[in-house]
Amino acid sequence: MVFEVGTRLAAIMEWFGSLERERRSPLEEHLPKLEPPTNLDASTSLAAVLWAEWVRCGLRHVVVSPGSRSTPLTLGAAACEGIEVHVVLDERSAGFFALGLARESSTPVAVVCTSGSAGAHYLPAAWEARMARVPLLFCTADRPSELHDVGAPQTIDQRDLFGGAASFVSTMDADVWHAASPRVATRYWLTHADRMWAESVRDGGQVVHCNIGFREPFVPSAAGLVAGAHWAASLGDRPAVRTVWGRRAPTGIMEEIARGLSQRQRGVIVAGWGAQHCCAELQTLAVSLGWPILADAISGVRTTNSGVVAGYDLIVRAVGDDPTWRPDGVLRIGAELTSKAANRWLADANVPTVHIDGLALFQNATRQDCLQICADPADALNELVVLLAEGDRTDSVERQDWLERWTTADRSTQRALDADLSDDGALDEPWIARTVSGAAPEPGSVIVGASMPVRDVEVFARARDHVRVVSGRGTNGIDGFISTAWGHAVGSGEPTIGLCGDLTFLHGAGGFPVLERLDGAGDGSANLTIVVIDNDGGGIFSHLAQTRLTDLFDRYFRTPPAANVAEVAEGYGIRTRRVRRRAELVDAVQEATARIGIDVIVATVTEEDSRQARARAAAHVADIIAHQHPG
């Protein structure tokens, strides 16, 4: 039995009149109305945001099976303008009814039920939808974490309720409203809703499971319900993050992006890992726009071409929240930057980001993306270059000054680093990162370990041509580094340098007994030089809050290894050299990269020397930029 209740709360919405919403450019001020009314609770707000955002994406139908825990979802759907709510008493019938609606409309349909075994009755419909490519959004209410595994009624593990039928599973939590802030929670819910919608429409149609934990109270006041629906609707007339799938993005979308980019005089291009497949196209677009490229060392884009900014981490630390450095638009290719400071600077600027994501990784941790193009990045960038050339944009003095500001700051930063890190003396980690990444022969590769090495390389490495810098940023782990680096050396046939910390080296040393037999060329021609930063383990923790734990820090976080790195390498029969001075390291790297096989160079440093080197470099750059751009 189906009850049509889509207009039940229409009269409530009339209290507020019509909502005037202007169509926004993709590079307009991003989500300026995130602060919610003060009389909203977390559950009501989450439901209001979820439904309003899905309506902006194209949702028209919601199928509800009655239940208590799902009350916020049910009332939120009923209060949301643009949704037709259908009530179906049992979940099995509800699932198949939604299947029919979605197949008929070729648009995702949402299905809502309470906690416990109720959602399990959707499984037959979910499998049919998966196999027939019908887009369905299954929304199951859940109990909060403290009621799991304690015998609370109507409580099961719902996270894998649909098994292989669901192509994407998301867990949303109303608690972020209190744990972070309403503003952070709203951005989180909006972008999460958009991700789920994007997953449901990919490849013709997919099953998405959204599991949401709610705490009591479930029933808001009438005023709160109305305020929530009105506020969520006022966040815009389009989704916070629109996602476009396909080998090529639609021409209309690309034209919209080109118009938005051409109107911005002070934009930046952000190149993260994954951008290496479209380096030439990105350089051409940067010239067309007159925008600087903030290029991560592992992006494949940090070359000596004009407009590439290698020292952006130190620059943004120096300029802070100075409004004269605030960009008015961002185009990102690939993943987010390694630098937490740079990502935070972009997020604090609240600048919307157009993201061309050829790998469909959905890397949007800062929640700044407003348009995500999951298409071939080279094709997309070439099309933008053509569209910009066909437009009526003229180069402005402001645009030229903006680019010159960044390139001048970067040249000054590189000169400062050369001065600070040039003289001979004891080794420190910033000097090692700059020197080793600059020592790879051309063509060649530098494989960088997780933790501090990849961060120091991002901050201190020069721009270079014909040298790839690679790091395992999928999970950011320290395991398997040596075997991975040897795989790069054998696969590329080029001189390869691995740079890692002592703990990373010890984790991967077990690969040595078999590695040198795995030379794919068959002639023993592969070359790998591993530079190990021996800082007595766990150096990254000295940059985190754990360092304040005093007596507990060394025992539980720094964890100095009991093994001697050089002796471990020698024990495996690997050519090994210990160095403590800068000139020694330069000589050792030159010798090792000129011969075949594996060499290990153990560079001994102290954490204090490295800390001081980082501080000196940051202070020097900040002083230079303050004099170049006072005020």
Next on the checklist: Quick check on residue 150: is it open to solvent by 60 Å² or more (accessible area, probe 1.4 Å) and under 22 Å from residue 171 (Cβ atoms)?
Outcome noted: yes
Checklist outcome for this item: For region 172-190 the number of residues that are surrounded by fewer than 23 Cβ atoms within 10 Å (Cβ to Cβ) and at pLDDT 90 or above is 0
Item to check | Residues that are open to solvent by less than 50 Å² (accessible area, probe 1.4 Å) and among the polar types (S, T, N, Q), drawn from region 451-482 | outcome: 451, 471
Next on the checklist: Criterion first (in contact with a helix residue (DSSP H, G or I) (Cβ under 8 Å, 6 or more places away or on another chain), over 30 Å from residue 363 (Cα atoms) and at pLDDT 90 or above) does residue 521 satisfy it?
Outcome noted: no
Checklist entry - Right, residue 424: over 21 Å from residue 474 (Cβ atoms), of a type outside the set (Lys, Arg) and open to solvent by 10 Å² or more (accessible area, probe 1.4 Å) or not? => result yes
Item to check | Candidate set from region 587-596 (those that are more than 35 Å from the chain's Cα centre (by Cα) and open to solvent by 10 Å² or more (accessible area, probe 1.4 Å)); member that is farthest from residue 512 (Cα to Cα) | outcome: 587
Next on the checklist: Can you pull out every residue in region 167-194 that is under 19 Å from the mean Cα position of the chain (by Cα), under 16 Å from residue 47 (Cα atoms) and not aliphatic (A, V, I, L, M)?
Outcome noted: 170, 171, 186, 187, 188, 189, 191, 192, 194
Item to check | residue 202 vs. criteria surrounded by fewer than 20 Cβ atoms within 10 Å (Cβ to Cβ), modelled with pLDDT of 90 or more and of a type outside the set (Ser, Thr, Tyr) | outcome: yes
Checklist entry - For region 133-166, what are the residues that are in contact (Cβ under 8 Å) with a residue 60 or more places away in the chain and of a type in the set (A, V, I, L, M, F, W, C)? => result 134, 136, 137, 138, 139, 141
Item to check | Answer from 258, 232, 249 - the residue that is open to solvent by less than 40 Å² (accessible area, probe 1.4 Å) and under 23 Å from the mean Cα position of the chain (by Cα) | outcome: 249
Checklist entry - Which of (1) without any contact (Cβ under 8 Å) to a residue 60 or more places away in the chain; (2) open to solvent by 40 Å² or more (accessible area, probe 1.4 Å); (3) under 19 Å from the mean Cα position of the chain (by Cα) is the odd one out, the single condition residue 301 does not satisfy? => result (2)
Checklist entry - If you check 280, 318, 342, which single one turns out to be under 20 Å from residue 430 (Cβ atoms), open to solvent by 10 Å² or more (accessible area, probe 1.4 Å) and assigned to a helix (DSSP H, G or I)? => result 318
Next on the checklist: Is it the case, given these coordinates, that residue 52 is at pLDDT 75 or above, buried (at least 17 other Cβ atoms within 10 Å of the Cβ), within 30 Å of residue 254 (Cα to Cα) and within 30 Å of the chain's Cα centre (by Cα)?
Outcome noted: yes
Next on the checklist: So residue 388 passes all but one of these: (1) open to solvent by 30 Å² or more (accessible area, probe 1.4 Å); (2) in a helix (DSSP H, G or I); (3) not basic (Lys, Arg). Which condition number does it fail?
Outcome noted: (1)
Next on the checklist: Being free of Cβ contacts under 8 Å to residues at least 12 places away in the same chain, more than 21 Å from residue 362 (Cα to Cα) and of a type in the set (Gly, Ala, Ser) is true for just one of 236, 252, 267, 290. Which residue is that?
Outcome noted: 252
Checklist outcome for this item: Pairing a residue in region 184-197 that is in contact (Cβ under 8 Å) with a residue 24 or more places away in the chain with any residue that is of a type in the set (S, T, N, Q) and open to solvent by 10 Å² or more (accessible area, probe 1.4 Å), where Cβ atoms lie under 7 Å and the two sit 6 or more apart in sequence or on different chains, gives 191/364; 194/243
Next on the checklist: Yes or no: region 391-411 includes at least one residue that is aromatic (Phe, Trp, Tyr), open to solvent by less than 10 Å² (accessible area, probe 1.4 Å) and over 24 Å from residue 615 (Cβ atoms).
Outcome noted: yes
Next on the checklist: Step by step: first the residues of region 77-98, then only those that are open to solvent by 10 Å² or more (accessible area, probe 1.4 Å) and not in a loop (DSSP other than H, G, I, E, B), then the one that is modelled with the lowest pLDDT. Which residue is that?
Outcome noted: 78
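The values are calculated or read from the model by the stated rules, or taken from the named source; none is laboratory data. If you're wondering where the values come from, they're calculated on a predicted model, not measured in any experiment. Cβ sites come from the backbone with ideal geometry, for glycine too, and all protein chains shown count toward neighbours. For the accessible areas, the whole protein counts, side chains as well, though only heavy atoms, and no ligand, DNA or RNA atoms are used. Shrake-Rupley method; radii C 1.70, N 1.55, O 1.52, S 1.80 Å.
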